[in-house]
Amino acid sequence: MEIMYLLLVLISMLCCLFGVLYFYLTQVYVYWKKRGVPFLEPSFPVGNALEMILAKRTTGDVYRDFYRKLSGYKFAGLYQIHRPVLLLMDPDLIKNILIRDFGHFQDHGFPFDETVDPLGANLFMLNGDKWKTLRSKLSPTFTSGRLKMMFQLLVECGQELQKCFAEPANREDILDIREVLARFTTDVIASFAFGIQCNCLSNPDAEFRRWGRKWVEPSFNQKLRDILYFMMPRLAIALGIGNIPYDVSKFFMKVAYETVEYHERNNVTRKDFMQLLIQLKNQGCLDADNQDNGNGQTPLPIHAMLAYYTFCERISGASIHVLSAGFETSAATMSFSLYELALNPGIQDRLRDEIDTVMKNHGGSVTYEGIQEMKYLDKIISETLRKYPPLPTLHRECTKRYEIPETNVVLEKGIQVVIPTLGIHYDPQYFPKPEVFDPERFSEEEKNKRHHYTYLPFGEGPRACI
Ligand code: HEM
């Protein structure tokens, strides 16, 4: 009798909870309708997010479908569970939000808590003034002059990659190109950003690669974490769930601390990014920047700097689509380029001719200047990034009340805005026969014909890829 009573109480409580949730969400689901914004009909209790939650398709594909369904509108509303999200489709409006009215959309809108996510304070995740300060400190480290200075590190890793290819090629063996390239980009990032040689190419089980793999390998836990974080970041944080597994964060933090310590203790000077960051930490600015803006520069707090060291690793991942800066983005781009070259032998031959000619002109060496001369290679990479942008959506959060130009629609502070990059890249009005891999879409003539804001693999504006 007592059990029956308890069961009844439990069922009543569940019914009440369901009722409250239903009432709450039905109130939320009129948000766009009330504002006269076209929207996709949401379903209780997940809004328009069912496919993303079930993880049957990638977020990029789901947003590409939204874009297609809503074609003809300049913008439209969606619901990510309980969160109203505005999808932008008009290139002029996209330009306004990314550039002209950037002051209203400065943040990416991914909240984090450093106690849960020690690496949270990185450039991608930071908001407001903290982002502005760190961006202004780090931007000078990415000038073409400084990248040129570090180019030799890339060439050295490239030589290792060549060895990795040679043996299986001679044996006409099969190679898991995705894995080899992930090891290559891990070597590059480790050398470039951490100033260490981790030899992942020659040793697939190197510690650096093991932790990197642990981070990106899709597992049930990882998927759950990603979905919760992407859909309801504040709830995820409240539950103590960070965006990166804690032990992975700890490993990369430890490596960064030890490397800084080693460099400083032994007065190591190496032409790498780590050296520039150490300079930033100690002086607040880089040597050459003193003349330009040496006024009032203060040293970077160590945690902000270290968060950046690991940033390139942090934002990799098989995660739904969130942050991918260093090795995942680059490894994915190279893998997809090679895939398309395999499918298109004519393009492959033309590229090989270009590479042979340029190399001959540069005494058989891979040089920074030589790479700049490879115009056809550039078109191939651009077309790869059109078909396979590693970040298939761009995100901004409205940080100040915003009236969408030429409409009565007002966006309140806190509203998430999403640009469906992949959807736009496959829109036949901008890229006819979008499934076809055609590097000539990126000839100067074709580029000039298109609206600039229809091709966004690196984002745009002050918050674009560094
Ligand atoms: C094929 C390679 C890459 C692609 C396609 C790519 C793409 C992107 C995209 C789409 C964003 C967001 C931009 C926006 O919101 O407007 C971004 C941000 C960023 N990327 Fe990349 N990225 C690549 C490689 C890299 C690498 C190698 C690094 C660093 C070594 C890097 C560093 C960053 C940083 C620091 C941000 C955050 C910028 C900020 O919020 O201020 N990316 N990237």
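A few points about this structure:
- Of the residues making up segment 91-127, those that are farther than 20 Å from Asn48 by Cβ and either in a loop (DSSP other than H, G, I, E, B) or among the hydroxyl-bearing types (Ser, Thr, Tyr) (or both) number 21.
- For segment 438-457, taking the residues that are hydroxyl-bearing (Ser, Thr, Tyr) and either part of a helix (DSSP H, G or I) or modelled with pLDDT under 95 (or both), the one that is farthest from the ligand (Cβ to nearest atom) is identified as Thr454.
- Annotation note: Cβ proximity below 9 Å between a residue of segment 170-193 that is without any contact (Cβ under 8 Å) to a residue 24 or more places away in the chain and a residue that is crowded, with 22+ Cβ neighbours inside 10 Å and not hydrophobic (A, V, I, L, M, F, W, C) (sequence gap 6+ or interchain) occurs for Ala190/Glu313.
For every residue, the table says whether it meets (1) hydrophobic (A, V, I, L, M, F, W, C); (2) surrounded by 20 or more Cβ atoms within 10 Å (Cβ to Cβ); (3) within 30 Å of Leu228 (Cβ to Cβ); (4) under 19 Å from the mean Cα position of the chain (by Cα).
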residue	(1), (2), (3), (4)
Leu134	yes, yes, yes, yes
Met149	yes, no, no, no
Gln159	no, no, no, no
Ser202	no, no, no, no
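- Criterion (within 11 Å of the ligand (Cβ to nearest atom) and at pLDDT 95 or above) met by exactly one of Glu435, Glu460: Glu460
- Unmet criterion (only one of (1) more than 12 Å from the ligand (Cβ to nearest atom); (2) at pLDDT below 85) for Gly103: (2)
- Evaluation of Leu175 against (1) of a type outside the set (S, T, N, Q); (2) in a helix (DSSP H, G or I); (3) at pLDDT 80 or above (one fails), failing number: (2)
- So Val366, is it outside any helix (DSSP H, G or I), closer than 24 Å to Gln159 by Cβ and either within 13 Å of the ligand (Cβ to nearest atom) or in contact with a helix residue (DSSP H, G or I) (Cβ under 6 Å, 6 or more places away or on another chain) (or both): yes
- Residues in segment 405-436 that are surrounded by fewer than 19 Cβ atoms within 10 Å (Cβ to Cβ), in a loop (DSSP other than H, G, I, E, B) and of a type in the set (Val, Ile, Thr): Thr407, Val409, Val436.
For every residue, the table says whether it meets (1) more than 30 Å from Gly128 (Cβ to Cβ); (2) at pLDDT below 95.
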site: Asp378; (1), (2): yes, no
site: Thr384; (1), (2): yes, no
site: Tyr388; (1), (2): yes, no
site: Thr393; (1), (2): no, no
site: Asn408; (1), (2): no, yes
site: Gly423; (1), (2): no, no
site: Asp427; (1), (2): yes, no
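- When Gly370, Gly364, Gly414 are checked against the criterion of being of a type in the set (Gly, Ala, Ser), touching a Cys at 6+ places or on another chain (Cβ under 7 Å) and free of Cβ contacts under 8 Å to residues at least 40 places away in the same chain, Gly414 stands alone in meeting it.
- Count of residues meeting criterion [modelled with pLDDT of 75 or more and under 18 Å from Ile196 (Cβ atoms)] in segment 214-248: 1
- Within the set Leu411, Leu338, Leu351, Leu343, the sole residue that is among the hydrophobic types (A, V, I, L, M, F, W, C) and within 16 Å of the ligand (Cβ to nearest atom) turns out to be Leu338.
The values are calculated or read from the model by the stated rules, or taken from the named source; none is laboratory data. Just so you know, these numbers come straight off a predicted model, no measurement behind them. All Cβ positions, even for glycine, are placed from backbone atoms using ideal geometry, and neighbour counts span all protein chains on display.
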